[in-house]
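This report concerns only the one structure given below.
The values are calculated or read from the model by the stated rules, or taken from the named source; none is laboratory data. All values reported here derive from a predicted model rather than from experimental measurement. Note that we place each Cβ from the backbone using ideal geometry, even for glycine, and neighbour counts take in every protein chain shown. With ligands, DNA and RNA removed, areas are computed over all heavy atoms of the protein, side chains included. Shrake-Rupley method; radii C 1.70, N 1.55, O 1.52, S 1.80 Å.
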Number of protein chains: 2
Amino acid sequence: MTVVLKLGGSVVTDKDTPETVDDDAIDAAVDAISESGVENLVVVHGGGSFGHHHAANYGVSTTEGTDDAAGALAIHAAMKRLNDAVVSRLQSRDVPALPVHPLSVAARRDAEGDEVGETDGAGASLSLPLESTKTLLGEGFVPVLHGDVVAHAGRGVTVVSGDELVVRLAADLDADRVGLCSTVPGVYDENETVVDEIRSFADVESALGESESTDVTGGMAAKVRALLAMDAPAHVFGPDGIGPFLAGASPGTKIDGR
Amino acid sequence: MTVVLKLGGSVVTDKDTPETVDDDAIDAAVDAISESGVENLVVVHGGGSFGHHHAANYGVSTTEGTDDAAGALAIHAAMKRLNDAVVSRLQSRDVPALPVHPLSVAARRDAEGDEVGETDGAGASLSLPLESTKTLLGEGFVPVLHGDVVAHAGRGVTVVSGDELVVRLAADLDADRVGLCSTVPGVYDENETVVDEIRSFADVESALGESESTDVTGGMAAKVRALLAMDAPAHVFGPDGIGPFLAGASPGTKIDGR
C-alpha cells in the first residue's frame, strides 16, 4: 500500500508573510502523519510563502524560465528551507523523513509538437527518475519532495509544482491512494458545498467552468482534470482530513476517474 | 569539451575543526575556476570536516549503512551546508553554479554475486541518473555535486564518495578531462617525488603497494586504479594546479590508462 500525501503550501506556511512557517498547522499535520503509522508514504509539499514570492521576483513559472543562476538558487534555497522545516518536524515525531530535492533529479523538455509556452498539464514533459525515492521507500524512509525549480532544455530553469510531482509520483510509484491537503475542505459545487465524489469532469463542469487551462499550478479545474486521469483515487481535503485520509477514510472530495 | 573537477574535502575545509570552511583555500579555488572561463564544467567536492565526523559518529561508510533517519539527515545536512558555501562563493564570482544533491538522485544496489560488505570500486552498483545534471550543463549552469549518503537497498543509506561520483560523471557525461585537486601536488613515488604520468598500475605499484583494496574513499592505490580505468585522462594536483588544469595544462600527475 503506497500513499502519496500532498501538503499545500498554504497549509504549511503563512502565505501572507514571506518565508514564515505556520507552526500550528505544520505541527497538526505532522502529528496526524506520525499517529497514522502509515508505511510506504511519500510526502510532497508546495511552496507557500517560501517559493512563490522568489519565483515572482525572478519572473519564473512553469512555462517562463530563467538562466539567472542567482534567481534559480534563491527560489531553490527558499524551498529547501521550508523542506528542512517539514523534514525536521517529521523526524521529531519519529517519522523517518528524508529530503528529495527535485532540482537534483528532474529535468524538463518541451514535448514534441508543443507550442512555446505550453506545458503538458499531466507532466509528460518532465523527466523524474525515481531510483532514489523508490529505494528510500523500500528502506523504510519517508521521502519528502517539494515544488522547486528544475532544469528545462532551452529555458534555463522553470518551476515544477507540487501538484505536478504528485501526479507523476502516483503513476510511477503505482500508488494506491493520493491525498491532497489544502486550506479548503474539498471541491466546492456552485453552492459552495463540498462535492462528495467526482467521477468525470462533467460532474463539476458547471461549478468549475472551463477545463481548457493547462496551468498545473492554476485553478481547480486543471487540478481535477489531472487527478481524474490518474490510476489511483485522489482525495482533496482540508487540514482536518489528514488523519482520516491516512486511516483509510474519504474526507472531503473523492476524485476517481477510473 | 566537458570537464569534471573534484575539490577534495581537505582542500575546501579545515579538516581538524568540525564544519569549518577553509576560507582562503576555497576563495583561491573559486577564483581559479572563475578566471578560467571554462564552459561545460561539473564540480564535485568531498566532505572534509563537514561529512566525515558525522559519518563516523553514526558508523556509516561506503559499505556500512544505517536506517537511522536522524543519522542520515545529520550527514546529509552537513554536506549541504558545505555545498551551499561552495555554490554561493562560485556564484559570487559569476560562476553560474547550482547544487545537485546525490541523496535526491542516486541509489545503490549490491551487484549480483557481491559478498555482503563488498562494493564495486568503480561504482558499478550505483544508479545515478543524470537528466538533471546534463540539462543544467546544457543550459549553461555549473552543477556542483558532493559526497553524500544515498539510499542503499538492504542497508538503509551508505556513503557515496566524491571520488566515486567523479568516475561515474566522467563516464556518463563522456568527459574530456578530469581533474582531482587534493592537498598534495600529485601521486608520489617511493622518494616522495611527484610522478609525471601513470599509464598503468605497474608504473606505481612499488610506491603504492597492493592494489586489491576496494575502498573507494581509501588509499591512493584504489584511486589510481579507478582513474586508470576511465575513458578520459585524469590529473591529480594540489590547489595551485586548478588554474593550470582548467587552462589545459597538466599539473601534478597525469593518469591515463587508455
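Checking B:E205 against (1) at pLDDT below 95; (2) under 18 Å from B:L41 (Cα atoms), which single condition isn't satisfied?
(2)
Taking the range B:191-202 as the search range and keeping residues that are among the charged types (D, E, K, R) and within 17 Å of B:M230 (Cα to Cα), which one is most open to solvent (accessible area, probe 1.4 Å)?
If we filter the range B:191-202 for residues that are among the charged types (D, E, K, R), which is where we start, we get B:192, B:196-197, B:199.
When the remaining residues are screened for being within 17 Å of B:M230 (Cα to Cα), the result is B:197, B:199.
On the way: B:E197: 81, B:R199: 117 Å².
In this case the residue turns out to be B:R199.
If B:V178 satisfies every condition in (1) surrounded by fewer than 18 Cβ atoms within 10 Å (Cβ to Cβ); (2) β-branched (V, I, T); (3) under 16 Å from the mean Cα position of the chain (by Cα) but one, which is the exception?
(1)
Just the residues that are within 20 Å of B:I242 (Cβ to Cβ) and out of contact with any Gly (no Cβ under 9 Å at 6 or more places or on another chain), please, taken from the range B:1-20. Steps first, please.
First pass over the range B:1-20, keeping only residues within 20 Å of B:I242 (Cβ to Cβ): B:1-15.
The answer is B:M1, B:T2.
Enumerate the pairs (first residue in the range B:104-132 and under 19 Å from A:E131 (Cα atoms); second residue anywhere and exposed (fewer than 13 other Cβ atoms within 10 Å of the Cβ) and at pLDDT below 50) with beta-carbon separation below 7 Å, excluding pairs fewer than 6 apart on the same chain, so at least 6 apart or on different chains.
Sorted first by the residue in the range B:104-132, then by its partner, the pairs are B:A111/B:A124.
Can you tell me which residue in the range B:2-20 is least open to solvent (accessible area, probe 1.4 Å), limited to those that are free of Cβ contacts under 8 Å to residues at least 60 places away in the same chain and not β-branched (V, I, T)? Write out each step before concluding.
If we filter the range B:2-20 for residues that are free of Cβ contacts under 8 Å to residues at least 60 places away in the same chain, which is where we start, we get B:14-18, B:20.
Checking which are not β-branched (V, I, T) leaves us with B:14-16, B:18.
Values: B:D14: 55, B:K15: 110, B:D16: 141, B:P18: 82 Å².
By that ranking, first place goes to B:D14.
Six or more apart or on different chains, Cβ atoms under 6 Å: show the pairs whose first residue is in the range B:157-176 and farther than 16 Å from B:R108 by Cβ and whose second is at pLDDT 95 or above and open to solvent by 10 Å² or more (accessible area, probe 1.4 Å).
Close Cβ pairs satisfying both conditions: B:V166/B:K6; B:A170/B:M230; B:L173/B:T2; B:A175/B:T2; B:D176/B:T2.
Select from the range A:181-190 the residues that are among the hydroxyl-bearing types (S, T, Y) and open to solvent by 40 Å² or more (accessible area, probe 1.4 Å) and list them in ascending order. Before the answer, list the steps.
Restricting attention to the range A:181-190, the residues satisfying the condition of being among the hydroxyl-bearing types (S, T, Y) are A:182-183, A:188.
Residues satisfying the conditions are A:T183, A:Y188.
Just to check your reading of the model, which residue among A:D27, A:D31, A:D23, A:D94 is open to solvent by 40 Å² or more (accessible area, probe 1.4 Å) and within 14 Å of chain B (Cβ to nearest Cβ)? Before the answer, list the steps.
On the way: A:D27 fails: within 14 Å of chain B (Cβ to nearest Cβ); A:D31 fails: within 14 Å of chain B (Cβ to nearest Cβ); A:D23 fails: within 14 Å of chain B (Cβ to nearest Cβ).
Exactly one residue qualifies, and that residue is A:D94.
Applying the selection to the range B:34-52, what residues are out of contact with any strand residue (DSSP E or B) (no Cβ under 8 Å at 6 or more places or on another chain) and open to solvent by 60 Å² or more (accessible area, probe 1.4 Å)?
B:E35, B:E39, B:H52, listed by residue number.
Please pick out the residue among A:R109, A:R81, A:R89 that is touching a helix residue (DSSP H, G or I) at 6+ places or on another chain (Cβ under 8 Å), at pLDDT below 95 and open to solvent by 40 Å² or more (accessible area, probe 1.4 Å).
Details: A:R81 fails: at pLDDT below 95; A:R89 fails: at pLDDT below 95.
It is A:R109.
Yes or no: B:F141 within 14 Å of another protein chain (Cβ to nearest Cβ), farther than 30 Å from A:G140 by Cα and of a type in the set (F, W, Y)? Steps first, please.
On the way: within 14 Å of another protein chain (Cβ to nearest Cβ): yes; farther than 30 Å from A:G140 by Cα: yes; of a type in the set (F, W, Y): yes.
Yes; evaluated as a whole, the condition is true for this residue.
Against the conditions (1) within 14 Å of chain A (Cβ to nearest Cβ); (2) within 29 Å of B:E64 (Cα to Cα), where does B:L208 fall short? Just the number, please.
Only one criterion in (1) within 14 Å of chain A (Cβ to nearest Cβ); (2) within 29 Å of B:E64 (Cα to Cα) is unmet by B:L208, namely (1).
Quick one: in the range A:220-236, of everything that is out of contact with any Gly (no Cβ under 8 Å at 6 or more places or on another chain) and either crowded, with 17+ Cβ neighbours inside 10 Å or closer than 23 Å to A:S61 by Cα (or both), which residue is modelled with the lowest pLDDT? Full working, then the answer.
First, pick out the residues of the range A:220-236 that are out of contact with any Gly (no Cβ under 8 Å at 6 or more places or on another chain): A:220, A:223-224, A:231-233.
Among the residues that remain, those that are also either crowded, with 17+ Cβ neighbours inside 10 Å or closer than 23 Å to A:S61 by Cα (or both) are: A:220, A:223-224, A:232-233.
Details: A:M220: 82, A:K223: 89, A:V224: 92, A:A232: 96, A:P233: 97.
Among residues in the range A:220-236 that are out of contact with any Gly (no Cβ under 8 Å at 6 or more places or on another chain) and either crowded, with 17+ Cβ neighbours inside 10 Å or closer than 23 Å to A:S61 by Cα (or both), the one modelled with the lowest pLDDT is A:M220.
Right, A:G147: open to solvent by less than 30 Å² (accessible area, probe 1.4 Å), in contact with a Ser or Thr (Cβ under 6 Å, 6 or more places away or on another chain) and modelled with pLDDT of 95 or more or not? Step through it out loud before you land on a result.
Values: open to solvent by less than 30 Å² (accessible area, probe 1.4 Å): yes; in contact with a Ser or Thr (Cβ under 6 Å, 6 or more places away or on another chain): yes; modelled with pLDDT of 95 or more: yes.
Spelling it out, A:G147 is indeed open to solvent by less than 30 Å² (accessible area, probe 1.4 Å), in contact with a Ser or Thr (Cβ under 6 Å, 6 or more places away or on another chain) and modelled with pLDDT of 95 or more.
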